[in-house]
Each structure stands twice: as structure tokens, then as C-alpha cells.
Amino acid sequence: MKQIVDNKYLLVVNAISIMVAFLTHFPELIALSNPYVSDGLSFPGMHWADVGNEVLFTYVSLLLLFFLNEAVFHFNSDMVSIGWKKMLCAFVLTWVVSNLLGKCFVYLHQHFDIPAIDAMLHHYLHPLRDFLITCIVTGSCYFFHQNRMSRKMLLENQQLRTENIINQYEALKSQLNPHMLFNSLNTLYLLIRESPDKARHYLEELSKVMRYTLQDNESHSVTLREEMEFVRSYIFLLQVRYEENLQFDIQISPELLSRKLPPMALQLLIENAVKHNEISNRHPLTVSVKAEGDTVEVSNPLQPKRGGTAGMGIGLANLAKRYQLLYKKEVSVQEENNRFTVILPLI
């Protein structure tokens with residue numbers, strides 16, 4: 001993809017250079033094709049070789065100016081930011097170098113008999129042409145950069161939409177897979193027989209979990225308050241199943257509840273903790289959820305199930321990618337002192 005973009009950039013730069021090289025010498029070309037016009041425009045004694053050399057020199061100069069701007073300011077890169085200060089520096093540098101290149105061409109003409117136009121009018125027009133060429137080069141470079149940034153943003157938005165759809169699908173699949181569905185229905189069946197009131201509460205929390213999972217979140221972000229309301233419903237379902245063997249230590253500063261994070265981020269981390277660790281009377285599990293400063297972290301002791309697999313997993317890798325696309329932030333994963341901790345930035 002980058003190779004295609006670079007080839008397109010080279011083609012456009014060449015096209016602009018050729019077009020500007022001919023247009024800046026359009027009066028000379030007209031004068032050369034008509035001797036009467038030549039005299040009227042004060043271009044006496046001009047030949048095709050003179051104009052051809054001028055056009056070729058302008059073309060080469062434009063290419064050099066384009067690649068100078070690319071080398072110094074990286075206009076063709078989407079990894080840098082181009083502000084008005086850089087644009088001003090690029091304009092001044094291009095104007096100075098364009099003027100120096102013109103003086104070099106005059107020097108070659110005078111000392112090495114390189115064909116060139118000697119008419120006074122042509123020399124008077126040089127400063128104006130330098131200014132116009134500078135405007136065209138820096139303006140084109142800025143347009144290239146803005147176009148590249150716009151395309152990058154569109155691509156990232158498309159990636160984000162795709163990641164969001166995948167995330168919703170995975171969350172829904174996790175809730176509706178046969179094992180999870182069987183456990184939920186079996187738990188609900190037992191509660192209906194033993195405690196109808198608790199069964200109604202369980203069904204209400206299950207409906208909240210399903211509703212949050214299926215909601216269409218166009219902003220790709222939710223507040224920590226919204227996420228925690230969903231997480232508490234999800235925790236209720238887990239604790240009904242695991243009873244006293246699964247505990248949660250939740251410590252969240254109230255002032256952080258308005259901060260944002262991707263939807264279902266905390267639920268994914270809690271689900272991973274339950275999925276990959278043994279939970280029993282002999283090995284109860286306590287999952288910690290703490291929000292302070294600019295982060296929220298979910299941690300748990302490492303007590304892997306027999307035959308369990310290690311690794312970040314698709315869900316956590318997907319969450320890290322969503323953070324990168326949404327906020328340009330990194331998700332921190334730590335495994336030390338027999339504890340597994342994931343730290344999420346709060347926006």
C-alpha cells in the first residue's frame with residue numbers, strides 16, 4: 001500500500017513539475033513560435049535551445065524543491081504534524097533555494113555557454129517566477145500532507161468500525177455460547193424453584209447485560225459510570241454462579257466516573273480473570289477493580305486452571321488495538337508477584 005502511495009506521489013510531483021515548467025515559460029514559447037510577437041515582447045535573438053534549456057532547468061528545479069521539502073519537513077508522511085510554523089519555514093527555504101538555483105543556472109550560462117534566454121524582460125520576471133514556484137511547491141506539499149492525513153483518518157475510522165463490530169460480536173458470542181447460555185438458564189431454573197424473587201432479580205440483571213452488549217454505540221466510548229453499571233450486573237450473574245468463591249474489590253474515585261473508555265473493556269478483563277483461573281472452595285478468587293489518577297486497573301492472583309493456556313488472548317489484543325485506534329494510548333499488561341494486572345488509561 002505504501003509503495004502504491006509513493007508511486008502516486010512521484011507521478012503527481014512529475015506532472016506538476018512538467019506543467020509548471022511549461023506554463024512559467026509560456027510567453028517565451030509564444031514569442032518563439034511567432035517572430036513578430038517575439039519583437040513585441042522584447043525577446044530578441046531567442047532560439048528553441050534557449051527555451052528548451054529554461055524549461056528543463058525549471059522542471060529539474062521543481063523536482064529538487066519537492067524532494068527537498070520532503071526530506072526536511074516530511075510532507076509525504078502521516079506520522080508528523082505540519083503547522084503554520086513549518087509551513088512558513090518551508091516557504092522561506094523553498095524561496096531561498098529556488099533563487100539560488102536560478103543564480104546557478106545564470107552562472108552556468110555565463111561561464112560555460114549553456115543555452116539560456118538573455119532578454120532583459122526574462123530576467124525581470126525571475127523574482128516573480130521564483131515566488132510563484134515557491135507558492136506552488138509549498139502549497140502542493142501541504143495539500144499532499146492534508147490529503148494523506150485525511151485518508152489515514154478515514155482508514156482508521158474504518159478499522160475502528162470493524163474492530164467495534166468484532167468486539168460486539170465476540171461479546172455477544174461469549175454471552176450466547178452454549179456453555180454460558182446453559183449455565184445461565186440452569187442457574188435461573190434453580191433460582192425459580194428455590195427463590196422466585198432472586199430469580200426475577202437475576203433475570204433483570206441478565207437482561208441489562210444483554211442490552212448493553214447489543215447496544216449500538218456510535219461514539220465507540222462510554223463513561224466509567226456507564227461501564228460500571230454494566231459491570232455490576234455482570235458481576236451479579238457471576239456471583240450467583242460461584243457464590244462466596246468469587247469476590248470483587250472495587251475502589252473507584254467518584255471524580256473519575258465521567259472519564260471515558262471503550263465499551264465492555266472492564267467486562268472483558270473480568271471475564272478473562274474468571275475464564276483462566278481456578279475458582280473453588282479450596283482456591284477462591286478475588287478480582288480487584290481500582291480507578292485512580294488517570295487509569296483503571298483490573299488485577300487478580302494467578303491460579304490457572306489445570307490444562308489452561310497462557311497468553312494475552314484475542315480479546316485483550318483486540319482491546320489494546322481499540323485503545324490505539326481510539327485514543328493513541330497503550331494498554332499496560334503486567335505479570336509479577338504472582339498477580340496478573342491490566343491497566344487501562346481513562347480519557
note = Taking only C-alpha positions in the range 211-347, Rg and Dmax in angstrom work out to 14.7, 44
Reachable lysines from LYS103, criterion Cα separation under 28 angstrom, eight or more residues apart if same chain = LYS85, LYS86
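Can you put MET264, MET19 in order of accessible area, largest first, using a 1.4 Å probe? Intermediate values should be presented prior to the final figure.
Working: MET264 10, MET19 110 Å².
Per-residue accessible area, sorted high to low, gives MET19, MET264.
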note = The long-range amide H neighbours of LYS329, using H built 1.01 Å from N in the peptide plane and a cut-off of under 5 Å, are GLN324
ask   = Going by a ≥ b ≥ c, the root eigenvalues of the Cα gyration tensor, does the range 200-271 fall in the rounded group (a/c under 1.5), the prolate group (a/b larger than b/c) or the oblate group?
value = oblate
ask   = Short version: ³J(HN,Hα) in whole Hz for each residue of the range 282-291, in order, from phi by Karplus 6.51 cos²θ - 1.76 cosθ + 1.60 (θ = phi - 60°), x for Gly and Pro, what are they?
value = 6, 10, x, 10, 10, 9, 9, 10, 10, 10
query = If Lys and Arg each add +1 and Asp and Glu each add -1, what is the summed charge of the other residues whose beta carbon sits under 14 Å from the beta carbon of ILE347?
reply = +2
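How much length is gained on full extension from THR187 to SER280, taking 0.36 nm per residue of separation minus their Cα-Cα distance? Please list the in-between numbers first.
Working: separation 93, 0.36 × 93 = 33.48 nm, distance 1.71 nm.
Additional length available on full extension: 31.8 nm.
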key: Eligible lysines near LYS290 by straight Cα distance, threshold 26 Å, same-chain separation 8 or greater   = LYS208, LYS260, LYS275, LYS305, LYS321, LYS328, LYS329
remark   = For the ASN147, ASP294 Cβ pair and Förster radius 30 Å, calculated FRET efficiency rounded to 0.05 is 0.30
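The values are calculated or read from the model by the stated rules, or taken from the named source; none is laboratory data. Please read these numbers as outputs of a predicted model, since none were measured by experiment. Here Cβ is always computed from backbone atoms with ideal geometry, including for glycine, and neighbour counts include all displayed protein chains. Heads up: the accessible areas ignore ligands, DNA and RNA and are worked out on the full protein's heavy atoms, side chains in. Shrake-Rupley method; radii C 1.70, N 1.55, O 1.52, S 1.80 Å.
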